[in-house]
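Written below as structure tokens is the structure these notes are about.
The values are calculated or read from the model by the stated rules, or taken from the named source; none is laboratory data. The structure presented is a predicted model; accordingly, all values stated were derived computationally and were not measured. Cβ atoms come from the backbone with ideal geometry, glycine included; neighbour counts cover every protein chain shown. All accessible areas refer to the heavy atoms of the entire protein, side chains included, with ligands and DNA or RNA removed. Shrake-Rupley method; radii C 1.70, N 1.55, O 1.52, S 1.80 Å.
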Amino acid sequence: MGIGNLTELTAADSTGVNAMLTAVCQELGVRTVLTTEVIPWARGAVRELDVARRLMHHAVTGRTIPKGVDDRLVTIKDPEVLTYSEQELRALQAEITDPNFRIFADRDGITVLNSERFVRGTNIQEIFEQLDVDDAKHAFYLGKELARASLAVTLGKTYRQEGALSWGYLTPADDARAEHVRLTERPKHTRERERP
């Protein structure tokens, strides 16, 4: 069966299309399929079909639903999103004694906190402006993390500071090098810097 014809000619993410087509093939007893990875949104189709064939074989032979066994084909939205309530984050902030920022994201926005600040919002530029960061290295780090947190909010994904977002079978391994920029002193206020 030529699965590639449908994935290549359907303007939709191929993971779901391949999963459904593989389920149909498994039900019908089709044992040979052909796929391609020519169009950009079908890149990875061969790996997707490999995951899908194993998942659908398990479901059909085990007479069960193809859920809760292997989530590698869930690439855009996460099956579950880890979130913390504002009350939990405020309790965490009360325990923090250092100036390092912690970043959290949930379906409604992004929270950045340290021992002195608790900033919540949806616009990362506005959040950043409230953090009073003047060190370029720290600003770059926070900008990158805020962009990743914003993407997680937009797509309904779990955000872990310094961790890769989950993209199912496409998820890169977390970088072994810590990117964290540790602050050793509290930022000086603008007025103090302007004094002669």
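Values as computed for the structure displayed
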read-out	value
Residues being open to solvent by 60 Å² or more (accessible area, probe 1.4 Å) and either among the acidic types (Asp, Glu) or more than 24 Å from the chain's Cα centre (by Cα) (or both) - total across region 114-140	8
Any hit, region 138-145, residues being at pLDDT 95 or above, under 30 Å from residue 42 (Cα atoms) and out of contact with any Pro (no Cβ under 9 Å at 6 or more places or on another chain)	yes
Members of region 99-153 that are among the hydrophobic types (A, V, I, L, M, F, W, C) and more than 27 Å from residue 77 (Cα to Cα)	118, 131, 133, 136, 139
Single unsatisfied condition, residue 109 versus (1) modelled with pLDDT of 90 or more; (2) in contact with a helix residue (DSSP H, G or I) (Cβ under 8 Å, 6 or more places away or on another chain); (3) open to solvent by 40 Å² or more (accessible area, probe 1.4 Å)	(3)
Looking only at region 1-29, and only at residues there that are outside any helix (DSSP H, G or I) and either open to solvent by less than 50 Å² (accessible area, probe 1.4 Å) or out of contact with any Ser or Thr (no Cβ under 9 Å at 6 or more places or on another chain) (or both), the one that is modelled with the highest pLDDT	29
Residue within region 149-168 that is open to solvent by less than 30 Å² (accessible area, probe 1.4 Å), farther than 29 Å from residue 15 by Cα and in contact with a strand residue (DSSP E or B) (Cβ under 9 Å, 6 or more places away or on another chain) present	no
Extreme residue, surrounded by the fewest Cβ atoms within 10 Å (Cβ to Cβ), among residues of region 44-69 that are without any contact (Cβ under 8 Å) to a residue 12 or more places away in the chain, in a loop (DSSP other than H, G, I, E, B) and not hydroxyl-bearing (Ser, Thr, Tyr)	63
Total residues in region 72-88, condition more than 16 Å from residue 149 (Cα to Cα), open to solvent by less than 90 Å² (accessible area, probe 1.4 Å) and either touching a Leu at 6+ places or on another chain (Cβ under 9 Å) or of a type in the set (D, E, K, R) (or both)	2
